[in-house]
Amino acid sequence: MKSTIIKTNDGSDSLYVPELDEHYHSVYGAVQEAMHVYINNGFNFSDISPISILEIGFGTGLNAFLTYLESKKTNRIVKYTSVELYPVASDIVEQLNYPEFINNEEKEFFYNLHKADWNCENRINDSFILNKINQDLLLYQPNEYFDLIYFDAFAPDKQPELWSVEVFRKLYNHLNENGILTTYSAKGIVKRALREVGFKVKRLPGPPGKWEMLRSQKV
Ligand SMILES: C[S@@+](CC[C@H](N)C(=O)[O-])C[C@H]1O[C@@H](n2cnc3c(N)ncnc32)[C@H](O)[C@@H]1O
């Protein structure tokens with residue numbers, strides 16, 4: 001999928017996909033949104049370690065990078081699986097300002113996330129294991145259980161098939177008890193689909209510029 005780099009309002013980069021007329025992150029702030037939705041209301045909501053995380057949409061690797069930086073602060077061990085159908089080209093990755101914007105001392109770690117082989121486990125370091133799966137979410141069949149899911153697909157009006165009851169049921173069935181799914185979208189259709197498969201859905205304040213987000217728990 002062809003994309004171009006744009007600057008979001010907090011100064012961090014994101015990607016724009018003309019084909020879908022869609023951005024990878026909130027235009028109000030990519031890093032701000034990722035920190036709010038996935039780190040503060042997802043990763044930090046739990047204190048499990050080692051923690052097994054599934055991300056839908058590896059994209060720029062921003063969520064993986066922020067998760068690693070956060071895990072270091074509390075000495076947590078992370079096993080990170082991410083499903084991605086359209087890997088971002090390396091010339092685009094090299095231009096993203098995430099290392100210098102977030103933590104330039106960890107620049108190598110950011111690039112190592114991208115250099116890691118697909119479809120196998122990569123020990124990026126002693127506390128972070130990454131498995132990037134190059135597959136359509138619709139075909140992906142998890143063969144393990146997760147504690148936390150970052151559901152970061154393109155918006156429901158752009159890719160409605162990814163926000164379906166069938167997809168959420170598959171993910172629910174591969175969450176551990178009390179497992180969490182966190183997502184930036186609080187659309188009615190998303191809430192209803194999550195509830196239908198059995199999640200307890202909680203609306204939370206969204207990041208700056210967005211009214212709400214959702215955190216759902218397997219009960
Ligand atoms: C909102 S962006 C994800 C942003 C990413 N988490 C990041 O921080 O850059 C959505 C991602 O889903 C991927 N995607 C689109 N359709 C997909 C599909 N059918 N299966 C798996 N991934 C898909 C896109 O290529 C894109 O990387």
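Output the number of the condition that Arg203 fails; it satisfies all remaining conditions of (1) assigned to a loop (DSSP other than H, G, I, E, B); (2) in contact with a strand residue (DSSP E or B) (Cβ under 7 Å, 6 or more places away or on another chain); (3) among the basic types (Lys, Arg).
In the conditions (1) assigned to a loop (DSSP other than H, G, I, E, B); (2) in contact with a strand residue (DSSP E or B) (Cβ under 7 Å, 6 or more places away or on another chain); (3) among the basic types (Lys, Arg), Arg203 misses (1) alone.
Out of all the residues in segment 164-176, which are buried (at least 16 other Cβ atoms within 10 Å of the Cβ) and part of a strand (DSSP E or B)?
Answer for segment 164-176, where residues must be buried (at least 16 other Cβ atoms within 10 Å of the Cβ) and part of a strand (DSSP E or B): just Leu175.
If I filter segment 177-200 down to residues being free of Cβ contacts under 8 Å to residues at least 40 places away in the same chain, aliphatic (A, V, I, L, M) and not in a helix (DSSP H, G or I), which single residue comes out as farthest from Tyr38 (Cα to Cα)?
Val197
Is it fair to say Glu177 is within 14 Å of the ligand (Cβ to nearest atom), out of contact with any Leu (no Cβ under 7 Å at 6 or more places or on another chain) and acidic (Asp, Glu)?
No; evaluated as a whole, the condition is false for this residue.
Would you please name the residue that is nearest to the ligand (Cβ to nearest atom), looking only at residues in segment 126-174 that are farther than 13 Å from Ile56 by Cα and basic (Lys, Arg)?
Lys158
Applying the selection to segment 77-126, what residues are more than 21 Å from Gln32 (Cα to Cα), polar (S, T, N, Q) and surrounded by fewer than 16 Cβ atoms within 10 Å (Cβ to Cβ)?
Passing the criteria: Ser90, Asn119, Asn125.
Please verify whether Asn63 is touching a residue at least 60 places away in the same chain (Cβ under 8 Å) and either more than 14 Å from the ligand (Cβ to nearest atom) or of a type outside the set (Ser, Thr, Tyr) (or both), treating the condition exactly as stated.
For Asn63, the condition - touching a residue at least 60 places away in the same chain (Cβ under 8 Å) and either more than 14 Å from the ligand (Cβ to nearest atom) or of a type outside the set (Ser, Thr, Tyr) (or both) - is met.
Among what's in segment 23-73 and is assigned to a helix (DSSP H, G or I) and of a type in the set (Asp, Glu), pick the residue that is surrounded by the fewest Cβ atoms within 10 Å (Cβ to Cβ).
The residue in question is Glu70.
Quick grid of which residues meet (1) surrounded by 14 or more Cβ atoms within 10 Å (Cβ to Cβ); (2) more than 22 Å from Tyr86 (Cα to Cα):
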| site | (1), (2) |
| --- | --- |
| Lys132 | yes, no |
| Asp136 | no, no |
| Pro142 | yes, no |
| Leu162 | yes, no |
| Asn178 | no, yes |
| Thr183 | yes, no |
| Lys187 | yes, yes |
| Lys200 | no, yes |
| Val219 | no, yes |
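Bear in mind that the values in this text are calculations on the coordinates, not laboratory data. Because the structure is a prediction, the values reported are computed rather than measured. Note: ideal-geometry Cβ built from the backbone for every residue, glycine included; neighbour counts use all protein chains shown.
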